[in-house]
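Asker: Dropping the structure in here first, questions after.
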Amino acid sequence: MYILGIETSCDDTAVAVIEAGGGRLGRPHFSVLSNVSYSQVAIHKKFGGIVPNLASRAHLQKISPTVKAALSRAALSRFNLDSNLDSKFIDLIAVTRGPGLMPSLLVGVNFARAIAYKWQKPIIGVNHIEGHIYSNWLPPIGEFPISNFQFSNKIKFPALILIVSGGHTELVLMKDYGKYKIIGETLDDAAGECFDKTARILGLGFPGGPAIAAEAAKFKVQSLKFKVHLPRPMINSNDYNFSFSGLKTAVLYAHNKLVAQDTSRKVMRQIMAYEIQEAIVDVLVSKTLKAVRNFNPKSVMIAGGVAANEKLRTYLAEKITPYKISISLPELSYTTDNAAMIAAAGYFNYLKKKPQKDSWKKMVVDANLRL
Ligand code: KG4
Ligand code: ZN
């Protein structure tokens, strides 16, 4: 079936068309026909974070052209049609209905409801976090089902998922499609939020995660003249929870100390970025391994914007190897917010709930939706 996915929970206006099948036989497979995204980074950059009302205004301007672009790219890639994929090919509309920023969510949900009504198609609401989880099932854009099995086959249940984004840090046990148990979460800031806030202290701009990763990559351990050691909050706590707000304060103190020592700005940024990344990744991997030891999952996955972090990907993969369980790292293009993952999650929800043509009537937004 063909699914149109719509995602506007935060600062990306994202629309995708995917083809999905095999779910009823327990062998789901997907093709991503188009995955279009309009990023609002340029709008929010000067404020150092996302301004909700500016976000919703930009979503409103971009949602219609983004839907059009996703449909026409899908038509070109699947049917070699140089025009919009006619709405009659679309079997389902999947839209993020939470969690996220209320003004942003409302734009996507209301647009999706309007086209569901106009096209007389079923619509399904998707939990954004569940969308991130299913990014692990998606093949690179344009790849067709036959080669997709390598993606879906690798993941065996029960699976453990480390969800790390700008708004969430959670360890989730997944028993089966649609069956989740949160075993740990952040008590304050999310891992991505910690990257963003500490990047701001270093004057590295927004979003902070990629900026810190880029600075950290320039750092040479041999050139270390200064000793900076950041704490690993809650690394030894007897649970699977996280806390990142203390790390932000420690970064501020260490940064001020280096400034007082008259360290060159360039060197200081590199040292601090390296240490911040080390500290965050260390805590994330350590807690994930603790959960692996206690829950014995058959697979481990990561998801969310911070899952793009190369250090996290390589360090986790290396540390999981001795446990002889499979590890899934999502394609980089599906780590940050996108609509292909929302469409994939929509597929599993569709199989469970079987929405009808009038399902648009019951669709509601929930900014605090839980998994
Ligand atoms: O999942 P996402 O796109 O949006 C939310 O749902 O929050 O995640 C965005 C977060 C931001 O905090 C950003 O700094 C972080 O993901 N991020 C990274 C990297 N790329 C994005 N963090 C660390 N390393 C990266 N390469
Ligand atoms: Zn997200």
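Asker: When residues of the stretch 220-237 are filtered for being modelled with pLDDT under 95, of a type outside the set (V, I, T) and part of a loop (DSSP other than H, G, I, E, B), how many remain?
Answerer: From the stretch 220-237, those modelled with pLDDT under 95 are 220-229; that's our starting set.
When the remaining residues are screened for being of a type outside the set (V, I, T), the result is 220, 222-227, 229.
Going one step further and asking which of them are part of a loop (DSSP other than H, G, I, E, B), we end up with 220, 224-227, 229.
Going through the stretch 220-237 one residue at a time, the tally reaches 6.
Asker: Also, I was wondering about something else. Only one of G26, G5, G22, G48 is touching a helix residue (DSSP H, G or I) at 6+ places or on another chain (Cβ under 7 Å) and on the phi > 0 side of the Ramachandran plot; which?
Answerer: Working: G26 fails: touching a helix residue (DSSP H, G or I) at 6+ places or on another chain (Cβ under 7 Å); G5 fails: on the phi > 0 side of the Ramachandran plot; G22 fails: touching a helix residue (DSSP H, G or I) at 6+ places or on another chain (Cβ under 7 Å).
Within the list G26, G5, G22, G48, the selection yields G48.
Asker: Sticking with this one: Every residue in the stretch 301-336 that is crowded, with 18+ Cβ neighbours inside 10 Å, more than 10 Å from ligand 1 (Cβ to nearest atom), of a type in the set (V, I, T) and closer than 20 Å to G192 by Cα, please.
Answerer: I302
Asker: Next question, about the same structure. What pairs come up if the first residue lies in the stretch 88-114 and is free of Cβ contacts under 8 Å to residues at least 24 places away in the same chain and farther than 16 Å from N53 by Cβ, the second is within 16 Å of ligand 1 (Cβ to nearest atom) and not in a strand (DSSP E or B), and their beta carbons are under 7 Å apart, counting only those six or more places apart or on different chains?
Answerer: Once the first residue is free of Cβ contacts under 8 Å to residues at least 24 places away in the same chain and farther than 16 Å from N53 by Cβ and sits in the stretch 88-114, no partner that is within 16 Å of ligand 1 (Cβ to nearest atom) and not in a strand (DSSP E or B) comes close enough.
Asker: Among (1) closer than 21 Å to N309 by Cα; (2) without any contact (Cβ under 8 Å) to a residue 60 or more places away in the chain, there is one condition P207 misses while meeting the rest; what is its number?
Answerer: Unmet for P207, out of (1) closer than 21 Å to N309 by Cα; (2) without any contact (Cβ under 8 Å) to a residue 60 or more places away in the chain: (2).
Asker: Let me ask you something else. Check off (1) in a helix (DSSP H, G or I); (2) within 16 Å of ligand 1 (Cβ to nearest atom); (3) surrounded by fewer than 23 Cβ atoms within 10 Å (Cβ to Cβ); (4) small (G, A, S) for A367 and give me the number that stays unchecked.
Answerer: The one condition A367 does not meet is (1).
Asker: Going through the stretch 13-22 one residue at a time, which ones are within 16 Å of ligand 1 (Cβ to nearest atom) and at pLDDT below 95?
Answerer: Narrowing the stretch 13-22 to residues within 16 Å of ligand 1 (Cβ to nearest atom): 13-16.
Result: no residue meets the conditions.
Asker: Might you let me know whether the stretch 326-345 holds any residue that is part of a helix (DSSP H, G or I) and away from ligand 2 (no atom under 15 Å from the Cβ)?
Answerer: For the stretch 326-345, residues part of a helix (DSSP H, G or I) and away from ligand 2 (no atom under 15 Å from the Cβ): absent.
The values are calculated or read from the model by the stated rules, or taken from the named source; none is laboratory data. Because the structure is a prediction, the values reported are computed rather than measured. Methodologically, a virtual Cβ is constructed for each residue, glycine included, from the backbone with ideal geometry; neighbour enumeration extends over all protein chains shown.
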